[in-house]
1. Hey, can you tell me all the residues within the stretch A:465-506 that are in contact with a Lys or Arg (Cβ under 8 Å, 6 or more places away or on another chain) and closer than 30 Å to B:Gly294 by Cα?
2. Going through the stretch A:390-426 one residue at a time, which ones are in contact with a Gly (Cβ under 8 Å, 6 or more places away or on another chain) and more than 19 Å from A:Ala214 (Cα to Cα)?
3. If only one of A:Ala462, A:Ala443, A:Ala477 is more than 10 Å from chain B (Cβ to nearest Cβ) and either at pLDDT below 95 or in contact with a helix residue (DSSP H, G or I) (Cβ under 6 Å, 6 or more places away or on another chain) (or both), which one is it?
4. Restricting to the stretch B:196-237, what's the tally of residues that are free of Cβ contacts under 8 Å to residues at least 24 places away in the same chain and closer than 20 Å to A:Gln409 by Cα?
5. (1) part of a loop (DSSP other than H, G, I, E, B); (2) away from chain A (no Cβ under 14 Å): which one isn't true of B:Glu160, the others all being true?
6. Take A:Lys507 and tell me if it is facing another protein chain (nearest Cβ under 10 Å) and of a type in the set (D, E, K, R).
7. When you go through (1) surrounded by fewer than 24 Cβ atoms within 10 Å (Cβ to Cβ); (2) at the interface with chain B (Cβ under 10 Å from one of its Cβ atoms); (3) basic (Lys, Arg) one by one for A:Arg395, which number turns out not to apply?
8. Considering B:Val277, B:Val285, B:Val314, which residue is more than 10 Å from every other protein chain (Cβ to nearest Cβ), under 18 Å from B:Ala86 (Cα atoms), in contact with a Ser or Thr (Cβ under 7 Å, 6 or more places away or on another chain) and buried (at least 20 other Cβ atoms within 10 Å of the Cβ)?
Amino acid sequence: MKTEVNNGKEAVLQVPFHFCIRSSVIRECRRLFALADTAGGYDPNEHERSILFTKDGYYRAPPALPGDTQKVLGQWDLPGTELQLSEEMVQLATLSSGSIQLLNGWNYISFPKHLNPSGGHNQAVYVFAGVITAGHSIFYYDSSTGLWISVTPSTVIKPLVGYTIYSAGPFTLNPDYLLPNQQTNPYTNVYSGWNLIGYFDPMGNANDDYLHAAMARDAMAPLGSDWSELIGWDAATQQYETSIIKGSDNSIHSEYRLTFPNKGYWLWMNANRTLAYSVTHTYYCSAEWVRDYPPPEADLPNTEADAEGFFDTLKYSTYWSANSPSFHIGDDNGQAKAIQWMDPSYGGQDQYFIDNTNFAYFSGHGWEGGILFGYGSTRQEQELWYYETIWGNTRVDWIALGSCHSLDQSTYNSWKPSFKGLHSIVGWDTLGYGHEDMGQLFATYLKSPYRMSIWEAWKQAADDCVHASGYRVAVLAVDIDGNPTTRECVDDHIYGQGKQWFSPQGKPNSDEFYYESYNCVP
Amino acid sequence: MNFITNLITVYHNYGRNKMAFPYNKALILVIVIVCIGVAGITLWTLGETIHKVTTGVSNISDVEIRGLLKGTRNVPEFVVATSLPAAPGKMMVYEANREITENEFNNMAIKLGISGENERVGEHIAVRSDSYMFAADLSRGVMTLHNETPQPGYDGAYLEKNLPSDGEARKIADTFLDSHSIRPEESKFYNITHNVGFSGDPPQKTSESINVWYIHNINGYRVYTDKMYVQVGVHGLVQHMFVEWTGYKPYKEYNIITPDKALEYLKTNGVLIQGNVKDPKQATVTDVAIGYIGETQSGNLPYLIPVYVFEGVVQGTDGTSATFYQWIPATPELAAEIT
């Protein structure tokens, strides 16, 4: 049965504005903060206004639910949800546990993997069994026609599709997913205008049990520049979340904000496209080392073995590759340069080097303000200062700095603005030990059979190498929700090891970090 | 006259004296024998160099004495603010044995109560049960027990209340080692260190754990490159154990240099300064000890070799100061050959 409500192209919806506390077994929290000038009215920039409003100046809301009425806002008026950041941040989900929490009222959900067709376990009658919908239909949205479509008992439930379901009271769905090695690449067509899509992990791999959040920028990467807006639904508050806008870099609408498994999102497309993902990925690593330094700095004879040991060990790890854009260079012929770690906004080229790989390793001199290279005719060229770096805005997830004092406990705060998608930095709080096996051991502990978290592997490698008192290693990692009881990225494992990692938002607040300094046992 | 000079003499005599012709065959035979002898000696000598080390300290002045740590800096003036240890004259050098077999690994896992299927990648092996992983590098004898459950953060008051005291942590670690019968022989409690994590801005302490650290002593001498620690966390839970413990057997006894001699070498080799001292002015030696090492920054050594360990404080011309340390080989000739 098809229920035509509207075409969804230019609808305007008045959303309620209230908050409540969600009770759920899923670890979750909500980012909620207003800009300082909210009271005076938040003013989107020109780009954002072009997305948020129609040409006539009316807020462009997603299609209303069947039976809902929409209230037209005044010209250039925005709903409250667009005036302060409000988003649900679900942070822990596994495929094997498979559960999806429904809250009282309407829920916009999706299924992050293909369901098991055996016994009809991929059909609505099985998937939604037991949900009390209080007489409401379950819907998905046909964006090719602009129609809501009611789910029938035999409807096959698919990934990449967003579903709306009403639940009279909380309820837990327990979908039966296909085994990881049976999953295939999902795809769906999306059309110009509003589409209700399901989330799919853009970074995961076939052997991952965990479902990972991802920045909208990464989740929507398959659509190139043809998407412009993404809006989630907060079931706890029964209202839309603050929209995410392609190309936006401010705190509210930033495309560096997270999107989450099991959620459904409204997607505004500027063109017809196929949204497709791969169930498996290849990841890239890089290593740079500097052995010979201009005076007065001492040469560091072990850096080559240190960095190359990391690269050679990690590149043979499952799903990791030594092919381009992976690279490993040292100071032979002056190849390792500060600009390769520097953001283009400061004259650097990190988008072609360090920020173009998933895990980057440096072995060389460092100090409380950065790391030092040998290349360059002036000291200024040789130095890389923290304030010249923005990492993760292209690709890089993790960085290891095998250099003295780079994560000194008195100055680590300086690195926080460098995080823009980066999960964590590990390094030395004190003098580095300069052991030639450090990189190789570090990478070894990341892989099978150890499969340690990045921080645990770094500590273990240091303990393995250090044999004198007074050495400390450190980590600076994003604490995604700012909740100190959960530490997120400090527990990251590398991709492909069947272990958990946490994708951070691209612009963490200064209180959304965790720092630890570890006394190496000599 | 050695074999080589003997050979030259015979050859020269043959060239100058035609009368030697009747002795041709005998001469060729001698040359062949001598060549075989020289080749044999050469191979034997090379073999000794590769697989063994020279015995005793014959003349240490003809080897380059150097500190065993890289990245050192020279300091113009040294002050000794401690008494130098009594030199034993001779010390045993030990052959190191780091390898452990898979059977030994399995036995250790059983003692730890971890049963499961071994996962082996080359020389690396791990077994998991419940939330714990027990793993080892069989070739290097490095073993790890690790609680794989991510630990939550806590507020400061909770940590204060639920983290064991240092004394309690030591008892927990001791009991853990003894109850599982995994305490190595010759281990000795040495120290306790804390690891603290911070969240938020301004930073608040949200995690803390305690490392109870044991050292390896051989006949009263510490092996500076061996260690074991048990990490105790909130509620007294053992989170981690790390063991790097070298098996050994006596190799040969060597003469060792005196502490005064070692101090001379320290002055010429420089020290490793653990901080930012731009222009070192004076180094004050606060501790000198004799012990063993089985590893340098360039990897493992085939022997446990005696070293003098110097520690102290360096002061700079600008008033800055930092700790320093250095290892000086107590059997320099041996160290020069194997490091």
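The values are calculated or read from the model by the stated rules, or taken from the named source; none is laboratory data. These numbers were taken from a predicted model, which means no experiment stands behind them. Please note: Cβ atoms are built from the backbone with ideal geometry, for glycine as well, and neighbour counts cover all protein chains shown.
1. A:His467, A:Val473
2. Once the filter is applied, which keeps residues that are in contact with a Gly (Cβ under 8 Å, 6 or more places away or on another chain) and more than 19 Å from A:Ala214 (Cα to Cα), the stretch A:390-426 yields A:Ala400, A:Leu401, A:Gly402, A:Ser403, A:Cys404, A:His405, A:Ser406, A:Leu407, A:Thr411, A:Ser414.
3. Sole residue among the options that is more than 10 Å from chain B (Cβ to nearest Cβ) and either at pLDDT below 95 or in contact with a helix residue (DSSP H, G or I) (Cβ under 6 Å, 6 or more places away or on another chain) (or both): A:Ala443.
4. Qualifying residue count, the stretch B:196-237: 7.
5. (1)
6. Values: facing another protein chain (nearest Cβ under 10 Å): no; of a type in the set (D, E, K, R): yes.
No, not satisfied.
7. (2)
8. On the way: B:Val277 fails: under 18 Å from B:Ala86 (Cα atoms); B:Val314 fails: under 18 Å from B:Ala86 (Cα atoms).
After ruling out the rest, the residue left standing is B:Val285.
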